[in-house]
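These notes concern the structure reproduced below.
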Amino acid sequence: MALIQKLTARRKAATKGLGDTRRALSELRALGARLRDQRAEIEARPVTLEQAQVAASEALHLEAARVLDDLSLSSLAKPGDCRTPTLRLNDRDMAALAFAASADGAAAAVRDRLADHYQKHGLQGLDAEDRDAQLAKIEAECLACELAEEAIIRDLEEDGVAPLRRPDADPRALLADSRELK
């Protein structure tokens, strides 16, 4: 009878241990999900207003330069009626020239619209350095979480339990040496 009680006590302890391990695995997976959500929130945050304005201005000026580069001015190099060169522009060329000539004004208008948009929607931009630092910190925490999760899974597998791995598990954790996980 004492042997049965000992075995029953050991089974209960093992079952409790397995339950604790599964809870720990579940908690790690929940933490990982929260970290991935935080990463997505940071990635979704807009750039600072100044960076958006500079990018918009640069894009407009690049497009204006491209328009001028594409403009065919060969009619100026060839005399039209054998006397003097003439400029023959179609409607598209005229619109392109108008755009290129007003690129500075368009850039200023876009800068103003961006400022209004940021203010209207209460956008708080995140500059590239802060974004990179926050993402690097979260990435390190995600990897640590994934390594801990993989350690638990391997321990469970050694005990004969086969928990499912997440399909989006980090390959660095899956391929990590078991010594790195301890």
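The values are calculated or read from the model by the stated rules, or taken from the named source; none is laboratory data. Only a predicted model underlies this, so the values are computations on that prediction, with no experimental measurement involved. Positions of Cβ are backbone-derived with ideal geometry, glycine not excepted, and every protein chain shown enters the neighbour counts.
Here are a few things to note about the model shown:
- The set of residues in the stretch 16-45 being of a type in the set (Gly, Ala, Ser), touching a residue at least 40 places away in the same chain (Cβ under 8 Å) and more than 13 Å from Cys142 (Cβ to Cβ) consists of Ala24 alone.
- Listed by position, the helices (runs of 4 or more DSSP H) inside the stretch 89-182 whose residues that are under 30 Å from Asp69 (Cβ atoms), at pLDDT 90 or above and of a type in the set (Lys, Arg) number at least 2 are 103-121.
- In the stretch 156-182, the residues that are surrounded by 10 or more Cβ atoms within 10 Å (Cβ to Cβ) reach residues that are assigned to a loop (DSSP other than H, G, I, E, B) and not small (Gly, Ala, Ser) with C-beta atoms within less than 6 angstrom, at least six apart or across chains, in these pairs: Leu156/Pro163.
- Some residue of the stretch 51-72 being in a loop (DSSP other than H, G, I, E, B) and under 26 Å from Asp91 (Cα atoms): yes
- Total residues in the stretch 43-70 satisfying the condition of being β-branched (Val, Ile, Thr) and surrounded by fewer than 17 Cβ atoms within 10 Å (Cβ to Cβ): the figure is 2.
- Sole exception among (1) in contact with a helix residue (DSSP H, G or I) (Cβ under 8 Å, 6 or more places away or on another chain); (2) farther than 29 Å from Ile42 by Cα; (3) not small (Gly, Ala, Ser) for Leu147, by number: (2)
- The listed residue being among the aliphatic types (A, V, I, L, M) and in contact with a Lys or Arg (Cβ under 8 Å, 6 or more places away or on another chain), out of Leu175, Leu143, Leu164: Leu143
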